[in-house]
Amino acid sequence: MGSVAIIGAGPGDPELLTVKAVRFIEAADVIMYDRLVSKEILQYAKAEAELIYCGKAPGQHAMTQADIHKALIHYAYQGKRVVRLKGGDPFIFGRGGEEALELAAAGIEFEIIPGITSAIGAAASASIPMTHRGTAASFACVTGNRCHDNHKPVRWDLLAHSVDTLAIYMGVSQLSEIQAELLRAGKPAATPIAFVEQGTTAKQRIVTGVLGEMSELAAASKLVNPALIIIGEVVRIREQLHAIMLQALTLRQIG
């Protein structure tokens, strides 16, 4: 009997991969990887390792979730050391829990190796803290969509006032609805927002604005996935940091 390691590959920058994750990838016989896994990370695989793409884009799934479960079990039963490589963290909107349950039911040894999730990595790369003393004492990671078989809506009415910072994953296609729901729940239209597109990568792009203009701003900037949406006063910290850094640079140049 083989084993499976469910690994978080982090938010995009290959240097944010953990040392433990690298060790498991180097030893793997089979690596099943997702769409947002950096190709540089796959270079850690040994030459004879079998690489299997099972990524999912909106409307385009290389493998169904059921087929992924079957493949993990199949290779483990063959005595292989299997790595299931996911973007971000496998237990935060990564369906790692579903895969772990299937492996446990099949009697297969598995290990979860966490990764830096986008809410932490992309926000930090954009100089936006999720919490900040005097500004934000709480944050929530929220999915902007739901599985097709899950009709329970996201409670934007509760989230609008229950936490200080919202980090929204997979919300680009639902921006108009999210904006309308938050405004309807009484979230001020002047609340700062930021889009962090392809966070931590060389293609990172950051767009800031306010909640009342969120959808229009995304359309004007031609925002695309993957993009993290941050809503809250902490977005202003980015502006303060940049202003201080610019002032320091000007003083050095004068000096």
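The values are calculated or read from the model by the stated rules, or taken from the named source; none is laboratory data. Quick caveat, the model's predicted, so the values are computed rather than measured. Glycine also receives a Cβ, built like all others from the backbone with ideal geometry; neighbour counts cover every protein chain displayed. What goes into the accessible areas is simple: the full protein's heavy atoms, side chains included, and nothing from ligands, DNA or RNA. Shrake-Rupley method; radii C 1.70, N 1.55, O 1.52, S 1.80 Å.
Among the residues of the range 41-90, count how many are surrounded by 12 or more Cβ atoms within 10 Å (Cβ to Cβ), part of a loop (DSSP other than H, G, I, E, B) and out of contact with any Gly (no Cβ under 8 Å at 6 or more places or on another chain).
Summing the residues that are surrounded by 12 or more Cβ atoms within 10 Å (Cβ to Cβ), part of a loop (DSSP other than H, G, I, E, B) and out of contact with any Gly (no Cβ under 8 Å at 6 or more places or on another chain) in the range 41-90 gives 6.
Just the residues that are among the β-branched types (Val, Ile, Thr), part of a helix (DSSP H, G or I) and open to solvent by less than 20 Å² (accessible area, probe 1.4 Å), please, taken from the range 209-255.
Matches in the range 209-255: 235, 237.
Could we say that residue 206 is surrounded by 15 or more Cβ atoms within 10 Å (Cβ to Cβ), within 23 Å of residue 36 (Cα to Cα) and in contact with a strand residue (DSSP E or B) (Cβ under 7 Å, 6 or more places away or on another chain) here?
yes
Given the criteria hydrophobic (A, V, I, L, M, F, W, C), open to solvent by 60 Å² or more (accessible area, probe 1.4 Å) and within 22 Å of the chain's Cα centre (by Cα), does residue 170 qualify?
yes
For the range 1-16, name all the residues that are part of a loop (DSSP other than H, G, I, E, B) and either open to solvent by less than 20 Å² (accessible area, probe 1.4 Å) or without any contact (Cβ under 8 Å) to a residue 40 or more places away in the chain (or both).
2, 9, 12
For the range 93-114, what are the residues that are in a loop (DSSP other than H, G, I, E, B) and open to solvent by less than 60 Å² (accessible area, probe 1.4 Å)?
Scanning the range 93-114 gives 94, 106, 107, 108.
Considering only residues that are modelled with pLDDT of 95 or more, part of a loop (DSSP other than H, G, I, E, B) and either on the phi < 0 side of the Ramachandran plot or touching a Phe, Trp or Tyr at 6+ places or on another chain (Cβ under 8 Å) (or both), which ones fall in the range 115-154?
Within the range 115-154, 115, 116, 117, 126, 128, 129, 130, 131, 133, 135, 137, 138 meet the criteria.
Given the criterion of a type in the set (Gly, Ala, Ser) and without any contact (Cβ under 8 Å) to a residue 40 or more places away in the chain, identify the matching residue among 125, 118, 173, 138.
Answer to the check: 138.
Could you list, in sequence order, the residues of the range 115-127 that are buried (at least 23 other Cβ atoms within 10 Å of the Cβ) and closer than 18 Å to residue 25 by Cβ?
115
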